[in-house]
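Below is one structure; the comments refer to it alone.
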Amino acid sequence: MIMRSALILAGGRSRRMGFKEKALFTIGDKTILKHVMDALDGVVDKIIISVRDVQQQELLKDYTQGYDVVLDKYQDVGPLSGILEGLKVANGEYVFVGACDMPFINNDVVELLFKRAEGHDAAIPVWENENLEPMHAVYRTRPMVVETKKAILHNEKFVLAPVFKMQDLVFVNMDEIRQHDPNLKTFVNVNTLDDVEKSQGD
């Protein structure tokens with residue numbers, strides 16, 4: 001059986017939410033983090049949660065028991081630090097990387113991305129305007145570790161910096177994703193308190 005991991009990036013500072021812990025806002029009867037974890041549980045063998053520091057680790061400890069938690073080693077480089085540390089402890093050849101502010105992640109879409117990534121370095125959703133969704137994508141673990149570390153050491157903080165250095169990328173278009181998620185809710189971000197309020201009825 002092919003082993004798979006998922007990495008949830010929870011280390012953002014939630015500036016647009018008044019620096020309150022975004023992962024712990026609730027939609028319905030569950031935290032945003034729990035929504036993401038539940039969606040991924042059925043698709044992967046291991047879930048890793050990336051946090052920025054020991055204070056955040058302590059804050060989330062009641063919600064992350066039984067899961068692997070990694071802390072940022074590099075500071076002020078954005079999500080790449082969490083991606084690197086998470087990939088280091090991942091099981092299997094492929095890892096789904098997602099953000100903790102996407103409470104409606106669709107497990108069928110994640111499954112599609114894993115299948116499309118097989119034999120390649122990554123499977124990344126692409127919009128009609130050619131914008132990519134690197135924080136909702138599947139990567140081959142080893143080359144992504146190598147290129148992410150290089151990007152950090154070269155002070156390239158752009159999330160796509162390591163991705164563009166890899167040789168064999170698959171871009172998954174929205175028509176294909178709509179077959180599994182017609183309204184593309186899997187990509188909905190909850191970045192503000194208004195977003196949380198709007199999502200309550202979804």
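The values are calculated or read from the model by the stated rules, or taken from the named source; none is laboratory data. Remember, it's a predicted structure, so these values are computed and weren't measured experimentally. Neighbour counts run over all protein chains shown; Cβ positions are idealised from the backbone, glycine included.
Would you mind stating whether Phe96 is over 21 Å from Arg52 (Cα atoms), at pLDDT 95 or above and either not in a helix (DSSP H, G or I) or not small (Gly, Ala, Ser) (or both)?
Details: over 21 Å from Arg52 (Cα atoms): no; at pLDDT 95 or above: yes; either not in a helix (DSSP H, G or I) or not small (Gly, Ala, Ser) (or both): yes.
Judged against the criteria, Phe96 is not a match.
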Only one of (1) over 21 Å from Leu7 (Cα atoms); (2) assigned to a helix (DSSP H, G or I) is not met by Gln167, so which one is it? (2)
Here are the criteria: (1) within 14 Å of Arg4 (Cβ to Cβ); (2) in contact with a Leu (Cβ under 9 Å, 6 or more places away or on another chain). Tell me which single one Arg140 does not satisfy. (2)
Which one of the conditions (1) within 30 Å of Glu21 (Cβ to Cβ); (2) not in a loop (DSSP other than H, G, I, E, B) does Lys157 fail to meet, given that it meets all the rest? (2)
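Given the condition among the charged types (D, E, K, R) and free of Cβ contacts under 8 Å to residues at least 60 places away in the same chain, answer yes or no: does some residue in segment 92-114 qualify?
Going through segment 92-114, the residues among the charged types (D, E, K, R) turn out to be 93, 101, 108, 111.
In the following step, the residues that additionally are free of Cβ contacts under 8 Å to residues at least 60 places away in the same chain were identified as none.
Checking segment 92-114: not a single residue is among the charged types (D, E, K, R) and free of Cβ contacts under 8 Å to residues at least 60 places away in the same chain.
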Filtering segment 36-84 for residues that are part of a strand (DSSP E or B) and among the acidic types (Asp, Glu) leaves a count of 1
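Go through Leu113, Leu59, Leu24 for me and flag whichever is among the aliphatic types (A, V, I, L, M) and modelled with pLDDT of 95 or more.
Working: Leu59 fails: modelled with pLDDT of 95 or more; Leu24 fails: modelled with pLDDT of 95 or more.
Step by step, each of Leu113, Leu59, Leu24 is checked, and only Leu113 is among the aliphatic types (A, V, I, L, M) and modelled with pLDDT of 95 or more.
Restricted to segment 79-107, and to residues that are polar (S, T, N, Q) and surrounded by fewer than 22 Cβ atoms within 10 Å (Cβ to Cβ), which residue is nearest to Gly28 (Cα to Cα)? Walk me through it before giving the result.
Taking segment 79-107 as the starting set, the residues that turn out to be polar (S, T, N, Q) are 81, 91, 106-107.
Now restrict to residues that are surrounded by fewer than 22 Cβ atoms within 10 Å (Cβ to Cβ): 91, 106-107.
Working: Asn91: 32, Asn106: 17, Asn107: 19 Å.
The extreme case among them is Asn106.
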Taking Asp45 as the residue in question, decide whether it is in contact with a Lys or Arg (Cβ under 9 Å, 6 or more places away or on another chain) and surrounded by fewer than 19 Cβ atoms within 10 Å (Cβ to Cβ). yes
What number of residues within segment 108-122 satisfy the criterion of being surrounded by 17 or more Cβ atoms within 10 Å (Cβ to Cβ) and within 29 Å of Leu24 (Cα to Cα)? 6
